[in-house]
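What follows is a set of notes on a single structure, which appears directly below.
The values are calculated or read from the model by the stated rules, or taken from the named source; none is laboratory data. Predicted model only: the values in this text are computed from it and were never measured. So basically every Cβ, Gly included, is an ideal-geometry build from the backbone, and we count neighbours across all protein chains shown.
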Amino acid sequence: MTDREERPWIVRMLPALRWAALALVLVSLLMVFLYVPADKQLGDIQRIFYYHVASAWNAFFAFFIVFVSSIAYLATGKRHWDRLSVASAEIGVIFTTVVLLTGPIWGRVSWGKWWDWDPRLTTTLVLWFIYVAYLVIRAAVGDDTRRARFAAVFGIIGFVDVPIVFMSVRWWRTIHPTVIYADKMELEPSMVVALVLSVVTFTVLYGYLLGLRYRVAALADEVNEFKQRLRDYR
Amino acid sequence: MRFLSRVWAITWKDLQSDFRTKEMLSTMLIFALLVVVIFSFAFDPGSRETAAVFPGLLWVAFFFAGLLGLNRSFVNEHSNDALQGLMLLPADRSIIYFGKVGANLVLMLIVEAVTLPVFAVFYNTGLPERWPLLLLVLPMATFGFIAVGTFLAALSANTRASEMLLPIILFPIAIPLILSAVEVTAGVFAGGDIAVLITWLKIIAVYDLVFLVVPFLLFEYVLDV
């Protein structure tokens, strides 16, 4: 990165985040697969739950970050907020996809069916569509400033919609309850520790990926800037 | 008061240009009626199962017809730099937003008013006892859809794939509205606890409020020449 632009803290912290993420992932894998006991009712397949919850937390957190940086971009007009938005949105979509893949696996085992329109999973599905739409908007706009502005607007609209989606789906499921709902899980203390650890691990992982993606966005901006200057010199 | 008369001026302008050619209204109407007919082939109109999904079919027809109208509400303004003209008006730019919401709302309500009886006839539903509730839910749900739809149409009109983009960005956002509208309509036609319907209507009301205020605040950012 050029010395003109001060490296934002997320990029400066990249080496630390890399090692922290590596260490935490290793510890978490050991904990989840070796240390923690299998669930009494569901057996070993229950272990997916640790990463399902961790991904879900990070998906919503990533989109919250998109919301905040979208507002910041519209308020300040500073480019780095837009870079943060796109980085967080892309990683958020990945985490959301993971939730939507692990959720049905989990559901098949604990409820007996692949998909049950339960409020949290359904809201996550809508979340996926909203943030894929966010990425499609970004792809559909050529001009940088316009793209940043439109994406920021949609980042705000999308996030504002999420609580309403959750409310309406929860009410929907309250009046049309599905027959099977065996969601009871007794968590031993060691399981709680493993859960907290996997959430922390994925959050650090999110931070690391965020820094990487942000750096790519910043570099892309620099390349475009140079291209523009070359064009101007002709 | 001046604000309202300005909004009305834009609504009236849009409606007049539509009614002159009748192109938009007729397209939306024909499309909605076509959807009725296609659904009649896709789902057996006589069976009990179809009666259960009838509210859903109704709203699918309405929302897709509404989408057609929304698509063109800003694309029209590209010719002759009409949008630039609107932006140069010595007035708050939100009149463009509210004006177009008004026009799109009128068009979609007309389509609904015509299509609903046709649907009811084709599916032999008869006049439900709670039909006055329809007079409440149809405008409320349509308003929410048009409020957020007009805003997103303004956004997508400025992009490359404007017509393909709008459904992708609108429908995920509109999901709570679609759900609530269908549930209320189902309650009207099939009966059920009134208190439940009231709650759904409250959800629609919240949605309408939120997606009128937030687009109003952000409209300036999607206006582009």
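The residues listed here are B:Gly102, B:Gly66, B:Gly126; of these, the one that is out of contact with any strand residue (DSSP E or B) (no Cβ under 7 Å at 6 or more places or on another chain) and more than 24 Å from B:Val214 (Cβ to Cβ) is B:Gly126. Checking B:Leu155, B:Leu177 one by one, the residue that is modelled with pLDDT of 95 or more and either touching a Lys or Arg at 6+ places or on another chain (Cβ under 6 Å) or buried (at least 23 other Cβ atoms within 10 Å of the Cβ) (or both) is B:Leu177 and no other. Any residue at all in the range B:161-174 that is among the charged types (D, E, K, R), more than 22 Å from B:Leu68 (Cα to Cα) and at pLDDT below 90? No, that holds for no residue. Taken residue by residue, the range A:38-55 has no member that is closer than 22 Å to A:Val98 by Cα, surrounded by fewer than 17 Cβ atoms within 10 Å (Cβ to Cβ) and at pLDDT 90 or above.
When B:Val148, B:Val118, B:Val137, B:Val114 are checked against the criterion of being hydrophobic (A, V, I, L, M, F, W, C), out of contact with any Lys or Arg (no Cβ under 6 Å at 6 or more places or on another chain) and within 24 Å of B:Ser162 (Cβ to Cβ), a single residue qualifies: B:Val148. Exactly one residue out of A:Val193, A:Val179 is surrounded by 13 or more Cβ atoms within 10 Å (Cβ to Cβ) and modelled with pLDDT under 90: that is A:Val193. Against the condition more than 19 Å from the chain's Cα centre (by Cα), among the aromatic types (Phe, Trp, Tyr) and more than 10 Å from every other protein chain (Cβ to nearest Cβ), how does A:Trp171 come out, does it pass? No: the conditions fail for A:Trp171. Scoring B:Gly192 on the criteria (1) more than 7 Å from chain A (Cβ to nearest Cβ); (2) crowded, with 20+ Cβ neighbours inside 10 Å; (3) at pLDDT below 90 leaves a single failure, condition (2).
The set of residues in the range B:1-29 being among the charged types (D, E, K, R) and touching a residue at least 12 places away in the same chain (Cβ under 8 Å) consists of B:Arg6, B:Lys13, B:Asp14, B:Asp18.
Residue pairs whose Cβ atoms lie under 7 Å apart, separated by 6 or more positions or on different chains, with the first residue in the range A:216-234 and surrounded by 12 or more Cβ atoms within 10 Å (Cβ to Cβ) and the second part of a helix (DSSP H, G or I) and of a type in the set (A, V, I, L, M, F, W, C), are A:Ala217/A:Val86; A:Ala217/A:Ala87. Regarding the range A:104-116, can at least one residue be identified that is within 10 Å of another protein chain (Cβ to nearest Cβ) and farther than 23 Å from B:Val222 by Cα? Within the range A:104-116 (the criterion being within 10 Å of another protein chain (Cβ to nearest Cβ) and farther than 23 Å from B:Val222 by Cα), the answer is no, since none of the residues qualifies.
Consider the range A:138-156. How many of its residues are closer than 23 Å to A:Thr97 by Cβ, at the interface with another protein chain (Cβ under 7 Å from one of its Cβ atoms) and either at pLDDT below 95 or buried (at least 24 other Cβ atoms within 10 Å of the Cβ) (or both)? Residues that pass the stated criteria total 2.
Among the residues making up the range A:112-154, a single one is small (Gly, Ala, Ser) and closer than 15 Å to B:Ala174 by Cα: A:Ala133. Checking every residue in the range B:161-168 against the condition of being more than 14 Å from chain A (Cβ to nearest Cβ), out of contact with any Lys or Arg (no Cβ under 7 Å at 6 or more places or on another chain) and in a helix (DSSP H, G or I) gives zero matches. When the range A:128-137 is limited to residues that are more than 7 Å from chain B (Cβ to nearest Cβ) and crowded, with 22+ Cβ neighbours inside 10 Å, the one that is farthest from B:Glu183 (Cα to Cα) turns out to be A:Tyr134. The criterion of at least 2 residues that are within 21 Å of B:Ala181 (Cα to Cα) and within 14 Å of chain A (Cβ to nearest Cβ) is met, among helices (runs of 4 or more DSSP H) falling completely within the range B:34-153, by B:48-75.
For the range B:172-199, a residue qualifies if it is of a type in the set (A, V, I, L, M, F, W, C) and in contact (Cβ under 8 Å) with a residue 40 or more places away in the chain, and the qualifying residues are B:Ala174, B:Ile178, B:Ala181, B:Val182, B:Val184, B:Ala186, B:Val188, B:Phe189, B:Ala190, B:Leu197.
Every condition in (1) within 26 Å of A:Ile71 (Cα to Cα); (2) small (Gly, Ala, Ser); (3) facing chain A (nearest Cβ under 7 Å) holds for B:Ser180 except the one numbered (1).
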